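Written out below as structure tokens is the structure these notes cover.
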Amino acid sequence: MKTLVDHLAQYGAFHRDPRNIVTHFIGVPMIVLAVGILLSRPTWASLGSWNLAPVWLLIAASAAFYLRLDLRLGLVMTLVLVFTGAVGHWFAAQATPFWLGWGIGLFLVGWVIQFIGHYYEGKKPAFVDDLTGLIVGPLFLVAEAAFMLGLRSDVQAPVEALIGPLRSRAAEV
């Protein structure tokens, strides 16, 4: 069973160029939101104004994965995912063209931005070799944000010991 450091290092090895990480801070949230929107429309049951939809099963499974890896980062991810589910719920209540247009549009644009980042990186996306990269990507961004804020050096240090620090733009010139 892989640890948090294992997952972040494996994913991070494909994300050492700061330009790639910036594109991921834009594209990954768009994709996560798109999935939340698209999986909020099919409903199995209604509880008042709230619908039981596939998005909530995905959120529960993802939250369990994140919380198993790390309580603090897992709690942040759970809050982000619940917010995404709530936004998806709102979109699902709108007219079908609006719901579908936003869901598909965010999904496609998010992936285009991702691939632009990987052009700068010069490497394929992490999920090409291991599909767990799809669930680790959002966690990687939360961890990177924590690192940028000077938090979680207990995680950052062993990850960087395995894959090295971010490449600086100056080193590329």
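Values computed for the structure shown
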read-out	value
Kirkwood-based shape ratio for the stretch 1-47, expressed as Rg/Rh from alpha carbons	1.19
Evaluated at q = 0.15, 0.20 Å⁻¹: base-10 log I(q)/I(0), Debye formula over Cα of the chain	-0.87, -1.34
Accessible area in square angstrom per residue, the stretch 1-108, 1.4 angstrom probe	50
Full-stretch length increase - VAL87, LEU100 - with 0.36 nm per residue and alpha-carbon distance subtracted	3.3 nm
Simple label model, 7 Å out from Cα along Cβ direction - TYR120 to ALA157, nm	2.9
Fraction of accessible area attributable to carbon and sulfur, the chain (%, probe 1.4 Å)	74
Among MET148, MET30, MET77, residue whose mean-square fluctuation peaks in a GNM of the chain (springs only between Cα atoms under 10 Å)	MET148
Relative contact order of the chain, pairs being alpha-carbon contacts under 8 Å that are 6 or more residues apart, as %	39
For the stretch 102-158 and the stretch 34-91, distance of Cα centres in Å	19
Per-bin percent of Cα-Cα distances, the stretch 95-173 [5 Å]	3, 11, 14, 22, 19, 14, 8, 4, 3, 1
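The values are calculated or read from the model by the stated rules, or taken from the named source; none is laboratory data. Bear in mind that the values here come from a model prediction, so they are computed numbers and not experimental data. Here Cβ is always computed from backbone atoms with ideal geometry, including for glycine, and neighbour counts include all displayed protein chains. Calculation scope for accessible area: heavy atoms of the full protein, side chains included, ligands and nucleic acids excluded. Shrake-Rupley method; radii C 1.70, N 1.55, O 1.52, S 1.80 Å.
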